[in-house]
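The values are calculated or read from the model by the stated rules, or taken from the named source; none is laboratory data. From a predicted model like this one, the values you see are computed outputs, not experimental measurements. Note that we place each Cβ from the backbone using ideal geometry, even for glycine, and neighbour counts take in every protein chain shown. In case anyone asks, the SASA skips ligands and DNA or RNA and just uses the protein heavy atoms, side chains included. Shrake-Rupley method; radii C 1.70, N 1.55, O 1.52, S 1.80 Å.
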Amino acid sequence: MPKPDGSFSPATLTAPDAATPSGSPARTQPAALKAVDKDTTAGVLFGIGAYGLWGLLPLYFFVLAPAGAVEIVANRVVWSLLFCTLLITVTRSWRVLGAAFRNRTVIGPLALAAGLIAVNWLTYTYGVTTGQAVEASLGYFINPLVSVLLGVFVLKEKLRPLQWAAVVIGFVAVGVLTVSYGKLPWIALTLALSFGLYGFVKKRVGPRADAITSLSVETIVLAPLAAATMIFLAVSGAATLSTNGAGHFWLLAASGIITAVPLLFFGASARRLPMTTIGLLQYFAPVLQFIVALAVFKEAMTTERWIGFGVVWLALLVLTVDMLLTTRKNSVSRKQARAAA
């Protein structure tokens, strides 16, 4: 599914036009404001493009039938690697990729990230292809709550009152949905936990690896296992890649582009927008997934599940209000500090 790097520091969000290439003074204020406006507009459009494509991903898995989750993910890894090879060649980034493999502080976390995203992809694809797309969308709704909990237990952060309220409401929602489903919603929880940990690991890498390099390293790590899986499926007669016509072949082959393009869009968006805006845009994906599950796949939603999802959305609303209030407070504090300087 959707895969944000979480590796863009606030410093990368400042406008790069503070001085001209020749070292001349900065542009006048009106021109700078105009450039920022254009940059922000482009960032929002890139963000909508990234999360919109991730939100519509279930439709792609739907047309890949009768391919199963394991075959789809194996193809996704192999074809993504081929697409990344092309991108690296065009951008002449082989030296950057080599440096990433020689840097233990980069290759170690990215190898771990590769394992986490493989679990995420397998779980999400399984959910969509087995008629559980609604529960899969739930995983990405509760992902922000998982990120908050990671901050508490891993980074030892202290939660603000509204964050605590959102977490408590989130636990209530999981309880309601467990009763509704008659079991723990393990697909949603696995997706939220794997993606939350993935984002955390990628954030630890920081700006030391850009989007293309990160995706390339992750697919290189996963490629041997993915290729072996494709060979095993072909030998056992379970593969559909070459047995369901040219159209099916090229649809599976397109998984490389379908995986990489939203990631590149996200990278372009994250470089232009503050993380608050990115945090709001991320809800596009699960909302679209939820709509597709109901409108296209005709999955059932009982009254109990509507209540459970409603409680989840309430938790997200509380979390969003806290995020906006905190951002506004920090902005005012920075302005006051500059005025006092």
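Its Cα gyration tensor gives the stretch 139-181 an equivalent ellipsoid, and the semi-axes of that ellipsoid, as √(5λ) in whole Å with the largest first, are 21, 11, 8. If you sort the three axes of the alpha carbon gyration tensor as a ≥ b ≥ c, you get a/c of 1.5 or more for the stretch 206-315 and a/b no higher than b/c, which makes it oblate. For the chain, the tally of Lys pairs with Cα-Cα distances below 30 Å comes to 26, considering only residues 8 or more apart or on different chains.
Report, as a whole number in µm² per second, the diffusion coefficient that Stokes-Einstein gives for the stretch 78-121 at 4 °C and 1.567 mPa s using the Kirkwood radius over alpha carbon pairs. In µm²/s, the coefficient is 112.
Given q = 0.12, 0.15, 0.17, 0.22 Å⁻¹, what are the Debye log10 I(q)/I(0) values for the stretch 143-276, with equal point scatterers placed on the Cα positions and solvent ignored? Taken in order of the listed q values, log10 I(q)/I(0) reads -0.77, -1.03, -1.13, -1.29. Taking Cα centre as origin and charging only the Cβ of basic (Lys, Arg, +1) and acidic (Asp, Glu, -1) residues, the dipole magnitude of the chain rounds to 1200 debye.
Solvent exposure of Thr229, expressed as accessible area, is near 30 Å², computed with a probe of 1.4 Å over the protein chains only. The Stokes-Einstein estimate for the stretch 71-190, based on a Kirkwood radius over Cα pairs and taken at 20 °C with 1.002 mPa s viscosity, is a diffusion coefficient of 124 µm²/s. For the pair the stretch 212-241 and the stretch 300-331, the centres of their Cα atoms are 38 angstrom apart.
When the P(r) is computed for the stretch 275-340, the part past 13 Å accounts for 74% of the Cα-Cα pairs. Which residues does a label at Ala65 reach in the stretch 288-303, if reach means a backbone N under 13 Å from a point 7 Å past the Cα toward the Cβ? Those under the cut-off are 296-299. For the stretch 251-341, the list of trypsin sites (Lys or Arg not before Pro) that fall in a loop by DSSP and count at most 12 other C-beta atoms within 10 angstrom reads Lys298. Over the stretch 105-251, give the accessible area per residue in Å² for a 1.4 Å probe, as an integer. Counting only protein heavy atoms, the per-residue value for the stretch 105-251 is 44 Å². Applying both filters, DSSP loop and at most 14 other Cβ atoms within 10 Å, to the trypsin sites (Lys or Arg not before Pro) of the stretch 46-106 gives Arg92.
Size of the stretch 170-247 from its Cα atoms: along the principal axes, largest to smallest, the extents are 47, 41, 22 Å.
Taking only C-alpha pairs under 8 Å that are 6+ residues apart, what is the relative contact order of the chain in percent? Relative contact order for the chain comes out at 38 percent.
Magnitude of the charge dipole for the stretch 46-185, about its Cα centre and with charges confined to Cβ atoms of Lys, Arg (+1) and Asp, Glu (-1), is about 560 debye.
Carbon and sulfur together cover what percent of the accessible area of the chain at a 1.4 Å probe radius? So the carbon and sulfur contribution to the accessible surface is 71 percent. Shape verdict for the stretch 49-104, please, from the Cα gyration tensor: rounded (a/c under 1.5), prolate (a/b greater than b/c) or oblate. Prolate. Helical content alone sets the calculated 222 nm signal of the chain at -25500 deg cm²/dmol, taking -39,500 (n - 2.57) per DSSP H segment of four or more residues and averaging over every residue. Normalised by 2.2 N^0.38 Å, with N the number of residues, the alpha-carbon radius of gyration of the chain equals 1.06.
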